[in-house]
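First up is the structure itself, then whatever we jot down about it.
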Amino acid sequence: MAFSVEDGSGLSGANSYCTVAEADSYFKDRATTSLAKQWLAATTQEKQSALVVASDYIEVRFSKLLPGHKVNNTQGLVFPRIGTNGFDSSIPYLLKRAVCEYGVRALSAPLAPDVQTPGISTFVKKKKLGPLETDYGVVSQGIGSTITKFILYPVPDSLMFNLLGAGSGTYR
């Protein structure tokens, strides 16, 4: 499938909420950060793939939490939506920012890693020495033991939760 950006009309083939140009502009404004430098150094193909992966991640993680419903049954993504305030043909700026933030992280690692191989699981342990605290993984083996890895992304998660938290049906 080709890279296709949702324009607010409910495109059936859309697979990203954000264009490469929009993401480039977003990261140029933040060019001093290491993540922005990583984004700006990537190829166009890498950026397109990362934006698709980021949009997919948002679809899987947040779509059931959104108020309202899709504009039509054939649209490729969950936005645009019809909510309590009627049709909103825009793609929310917070959503575009979240796609950028998840996208840059998708350049270097999976956003939602698969469950580990059965029989091997990792448990996070903490060690504290005075004010210093460290987390580390301990691998153990056992029949049927698996663990699902949940990763938190503070910046893009906050953007998405702000979008969800409005509760008014307004997506701007």
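Here the extension length gained between Asn162 and Arg30 equals 45.5 nm, from 0.36 nm per residue of separation less the Cα-Cα distance.
Each peptide among 50-62, 5-17 gets the average number of other Cβ atoms lying within 10 Å of its residues, and from highest to lowest they stand as 50-62, 5-17. Among 69-79, 97-107, 24-34, the peptide with the highest mean count of other Cβ atoms within 10 Å heads the list, and the full ranking is 97-107, 69-79, 24-34.
No lab work stands behind these numbers, since they all come straight from the coordinates. All values derive from a computational prediction rather than experimental measurement. Here the Cβ is made from the backbone with ideal geometry for all residues, glycine too, and neighbour counts use every protein chain on show.
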